[in-house]
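The values are calculated or read from the model by the stated rules, or taken from the named source; none is laboratory data. Note that the structure is a prediction, hence the values are computed from the model and not measured. Here Cβ is always computed from backbone atoms with ideal geometry, including for glycine, and neighbour counts include all displayed protein chains. All accessible areas refer to the heavy atoms of the entire protein, side chains included, with ligands and DNA or RNA removed. Shrake-Rupley method; radii C 1.70, N 1.55, O 1.52, S 1.80 Å.
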Amino acid sequence: MTVRDALNQALEEEMIADEKIYILGEEVAQYNGAYKVTKGLLDKFGAKRVIDTPITEMGLAGIAVGSAFNGLKPVCEFMTFNFAMQAIDQIVNSAAKTFYMSGGKVTCPIVFRGPNGAAAGVAAQHSQCFAAWYGSVPGLKVVSPWNSEDAKGLLKAAIRDPNPVVFLENELEYGVSYPMSQEALSSDFVLPLGKAKIEREGSDITIVAHSRAVGFAVKAADELAKSGISAEVINLRSIKPMDTDTIFKSVKKTHRIMTVEGGWASFGVGSEIAAQIMESDVWDELDAPLSRVTGADVPTPYAANLEALAFPDDKVIVKVARDILDKKY
């Protein structure tokens, strides 16, 4: 099943189960979504529950947040999370903070979803990763799925959660097919927020990644295995809350760690993981310094040859992993 179809299935199942759930965004209804994630939902649920909005992210996010305050459960689609910068006041100041500021009286069960991070050939203003931005905000949960089971199980959990959830998808993954277990095909399939998954067990080095970078990490682990290096790959799934227990347990076994992400290095997800390790007793378990593999510290280039150099892939991960294994404190 493709990631696109898994997301579509999650939306349909949850909308059947709960009439308070509705979708709004630019081109989500008549056009079936910019990336066809909402395909067929207008025909199944009607224009009151699948709503095309004008091109105003601040407006549509404000409507969605207000409706969540009043008992509905909106799924607010951004055509890209880069455009959600127009709505960041609604997401951060309204959705994230109101439960606290109301003394727990006003909940905001809302999902903000759409493609995040780099795609291909869409340049600097359409290629940014916002995982670290939203991950720093109290009151938000932040999810970053990789494959089809992630997409379905985590989106269903996000919709059911009483808190605002930022759901960061990846455009390049929408059309990729991944195996789905019989359990995942069930309408009861839900993955817990805040729980990482070990995609591959290993004993020599821990590789922690999220979103599309997980695929590169698995591929790199396969390559490292050819030379006898056993890499453990952790799919974060949730940026916030972050499953540090799984990370720490892995580091105590491998004694080496690297993080991989498409976002910038400064103040990024990898930086947070490094800080969490430094502030715990796991630091004493490390046999070499943690290394961060990230996007280049530049606005994303439009030129294809430069864009290819701006983001990590499996070859970069393999090189850094070998470098870490050569180092010692």
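Shape call for the chain from the C-alpha gyration tensor, a ≥ b ≥ c root eigenvalues: rounded (a/c under 1.5), prolate (a/b greater than b/c) or oblate?
Details: a/c = 1.75, a/b = 1.65, b/c = 1.06.
Because a/c hits 1.5 or more and a/b exceeds b/c, the chain counts as prolate.
Would you mind giving the average projected area, over all directions, of the Cα convex hull of the range 25-83 in nm² with one decimal? Present the calculation step by step, with values, prior to reporting the outcome.
Values: hull surface 15.6 nm².
Mean orientational projected area (the range 25-83, Cα hull): 3.9 nm².
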Through the Karplus equation 6.51 cos²θ - 1.76 cosθ + 1.60, θ set to phi - 60°, convert the phi angles of the range 303-315 into ³J(HN,Hα) values in whole Hz; use x for Gly and Pro. 4, 4, 5, 6, 4, 4, 8, 8, 10, x, 10, 5, 5
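Stretch Asp188-Lys328 to full length: gain in nm at 0.36 nm per residue minus the Cα-Cα span?
Working: separation 140, 0.36 × 140 = 50.40 nm, distance 4.70 nm.
The span from Asp188 to Lys328 would gain 45.7 nm if fully extended.
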Could you compute the FRET efficiency for Ile88 and Ala120, with r as their C-beta to C-beta distance and R0 at 25 Å, rounded to 0.05? 0.50
In debye to the nearest 20, the charge dipole size for the range 1-81, taken about the Cα centre with +1 at each Lys and Arg Cβ and -1 at each Asp and Glu Cβ, equals 80
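Express in % the proportion of alpha carbon pairs of the range 30-163 at distances exceeding 21 Å. Mind showing how you got there, number by number?
Working: 3772 of 8911 pairs.
When every Cα pair of the range 30-163 is considered, 42 percent fall beyond 21 Å.
List the pairs from Lys152/Lys195; Lys226/Lys319; Lys20/Lys195 whose alpha-carbon separation is above 19 Å, in the order I gave them. Don't jump to the answer; show the numbers that get you there.
Values: Lys152/Lys195 15 Å; Lys226/Lys319 14 Å; Lys20/Lys195 27 Å.
The pairs that break the limit, which is 19 Å between Cα atoms, are Lys20/Lys195.
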How much net charge surrounds Gly270 when only the other residues with a Cβ under 14 Å from the Cβ of Gly270 are counted, with Lys and Arg +1 and Asp and Glu -1? -2
Compactness index (Cα Rg / 2.2 N^0.38 Å), the range 197-326: 1.00
Mean separation of Cα contacts under 8 Å, 6 or more apart, over the residue count of the range 1-87: relative contact order %: 32
Using Stokes-Einstein with the Kirkwood hydrodynamic radius over Cα pairs, what translational diffusion coefficient do you get for the range 272-329 at 4 °C and a viscosity of 1.567 mPa s, in µm²/s rounded to a whole number? 96
With the 8 Å Cα cutoff and a minimum separation of six or more residues, the range 22-134 has a relative contact order in percent of 24
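What does the net charge come to around Leu7 if you take all other residues with beta carbon closer than 13 Å to its beta carbon, with K and R at +1 and D and E at -1?
Working: positive: Arg4, Lys36, Lys39, Arg113, Lys152, Lys156; negative: Asp5, Glu12, Glu13, Glu14, Glu77, Glu149, Asp150, Glu169, Glu171, Glu173.
With Lys, Arg at +1 and Asp, Glu at -1, the neighbours total -4.
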The answer for Val142, listing residues at least 5 apart or on another chain whose modeled amide H is closer than 5 Å to its amide H, is Val166, Ile239, Lys240
Carbon and sulfur atoms: what percent of the 1.4 Å accessible area of the chain do they account for? 54
From the Cα centre of the range 213-278 to that of the range 99-140, the distance in Å is 22
Rounded to the nearest 10 degrees, the helix 213-225 long axis (Cα) sits at an angle to the longest Cα principal axis of the chain of 30
Ellipsoid semi-axes in whole angstrom, largest first, where each is sqrt(5λ) of the Cα gyration tensor of the range 1-99: 22, 16, 12
Using only Cα positions of the range 237-281, each an equal point scatterer, no hydration layer, compute I(q)/I(0) via Debye at q = 0.22 Å⁻¹ and quote the log10 values to two decimals. -0.81
Surface/4 estimate of mean projected area, convex hull on alpha-carbon atoms of the range 89-248, nm²: 11.2
In the range 23-67, the trypsin sites (Lys or Arg not before Pro) that fall in loop regions by DSSP, at most 13 other Cβ within 10 Å: Lys48
